[in-house]
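One structure is given here, and the rest of the page talks about it.
The values are calculated or read from the model by the stated rules, or taken from the named source; none is laboratory data. Keep in mind it's a predicted model, so treat the numbers as computed, not measured. Ideal geometry is used to build each Cβ from the backbone, glycine not excepted, and the neighbour counts take in all protein chains shown. Quick note on the areas: whole protein, heavy atoms, side chains included, nothing else; ligands and nucleic acids left out. Shrake-Rupley method; radii C 1.70, N 1.55, O 1.52, S 1.80 Å.
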Amino acid sequence: MPIDVPRAVGVELPAISFTWSDRDIILYNLGVGAGDPPTDPRELKYAYENDLRVVPAFGTIPPFGMMMNVGTLGGLEIDLARTLHGEQRLTVHSPIPTSGSVTQSGRVVDVYDKGKGALLVVEVVSVLEKTGQPLFTNRSGIYLRGEGGFGGPSGPPSTNTPPQREPEHVVESATLPQQALLYRMASGDKNPLHVDPGFAAFAGYDRPILHGLCTYGIVAKAVVEAALDGEPERMHTYEARFTGHVFPGETLITRIWEEDRHWVVSTSTKERASTVLSNCAVTARP
């Protein structure tokens, strides 16, 4: 088995810095579906440098360079074709500026045995250089197909189950046929699974699939607009489990239930009625 669990848990990722500008923010926002319709003020705030706002899921972008190094760490040997993004939890400690630099530290937190696969949990803390304070913390669960069955713990149980009532909000978000091509350039995630038909077929898909974190960003924007009064700086925590894939060009249906001090969220595809985000919840900044 390529995972040496005792050796892997606690190992630190090489530190890395990340700098962004308003141009990067606009590209990311467009990559997760902002700007439609292009003259709507609620959309222009994500696509026009005049009073620019940040879709808070941008906080998943700076750690990406660190995450690409996970397979080189001691105790780990990862096959990209058998790797999927399983879970993501983002904590935004303060509103994300439209330009800035962060220094980042990361470590492997745990490895869970999921039977048919293993879930590698990595935490990255991004500190804003200007203030010296944490700006966001990411905890990513990387699912490694075929690497389970080693007898370890299975991890925490699922939570954030939607209540048995109609949601307060339902949002439809159309994706473009070329959405994955846009997102890979906006995010830097150039995994061939999202662009190369041959690679996608080798990995078991009919055609390239949309990045899970692109879906994550589209849903973050949907929740901001529907439940947070269009104020992205109010989002504090956002967690989700990637339970299905999206083909570029499909429409996402996001259902949002208001609970005590947070929102429970579930997202499915309109065309296939396939759930793609579950165990999903958002909290607002106190």
What is the dipole size for the stretch 137-282, taken about its Cα centre, with +1 at each Lys and Arg Cβ and -1 at each Asp and Glu Cβ, in debye to the nearest 20?
440 debye
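Please state the charge dipole magnitude for the stretch 152-221, taken about the Cα centre, from unit charges on C-beta atoms (+1 on K and R, -1 on D and E), reported in debye and rounded to the nearest 20. Walk me through the numbers on the way to the answer.
Working: 5 positive and 6 negative charges, 34 e Å.
With only Lys, Arg, Asp and Glu charged at Cβ, the dipole is about 160 debye.
Grab the other residues whose beta carbon is less than 9 angstrom from that of Lys45, score K and R as +1, D and E as -1, and report the net.
Surrounding charge for Lys45 is 0.
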Apportionment of accessible area to carbon and sulfur, the chain, percent (1.4 Å)
51 percent
Principal axis lengths of the stretch 80-217 from Cα atoms, whole Å, largest first?
45, 41, 39
How far apart, in nm, are the 7 Å Cα→Cβ label points at Arg261 and Phe150?
3.7 nm
What number, rounded to the nearest 500 deg cm²/dmol, is the helix-based mean residue ellipticity at 222 nm of the chain, given -39500 (n - 2.57) per DSSP H run of at least four residues and division by all its residues?
-5000 deg cm²/dmol
Given the chain, longest segment not containing exposed loop trypsin sites (Lys or Arg not before Pro) (DSSP; at most 16 other Cβ within 10 Å):
1-115
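Please give the contour-minus-distance gain from Asp36 to Val11: 0.36 nm per residue of separation, less the Cα-Cα distance, rounded to one decimal in nm.
Additional length available on full extension: 4.7 nm.
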Magnitude of the Cβ-charge dipole of the stretch 241-286, K/R +1 and D/E -1, about the Cα centre, nearest 20 debye?
80 debye
If you count only protein heavy atoms with a 1.4 Å probe, what accessible area per residue comes out for the stretch 218-286, rounded to a whole Å²?
36 Å²
Counting Lys and Arg as +1 and Asp and Glu as -1, what is the net charge of the other residues whose Cβ lies under 12 Å from the Cβ of Glu166?
0
Please find the FRET efficiency linking Arg107 to Thr131, where r is the Cβ-Cβ separation and R0 is fixed at 25 Å, and quote it to the nearest 0.05.
0.65
Please compute the net charge surrounding Asp196, taking Lys and Arg as +1 and Asp and Glu as -1 over other residues with Cβ under 15 Å from its Cβ.
+1
Taking the C-alpha atoms of the chain, convex hull volume expressed per residue in Å³:
127 Å³
In vacuo Debye scattering of the stretch 1-152, one point per C-alpha: log10 I(q)/I(0) at q = 0.20 Å⁻¹?
-1.13
For the stretch 135-226, run through the GluC sites (Glu not before Pro) and keep only the ones in DSSP coil with at most 15 other Cβ atoms within 10 Å of their Cβ.
Glu168
Which residues in the stretch 104-118 have a backbone N closer than 17 Å to a point placed 7 Å from the Cα of Thr161 along the Cα-to-Cβ line?
none
For the chain, with a Gaussian network of springs between Cα atoms less than 10 Å apart, report the residue from Pro197, Pro134, Pro37 with the top mean-square fluctuation.
Pro37
Using a 1.4 Å probe and counting only protein heavy atoms, arrange Phe150, Phe247 so the residue with the most accessible area comes first.
Phe150, Phe247
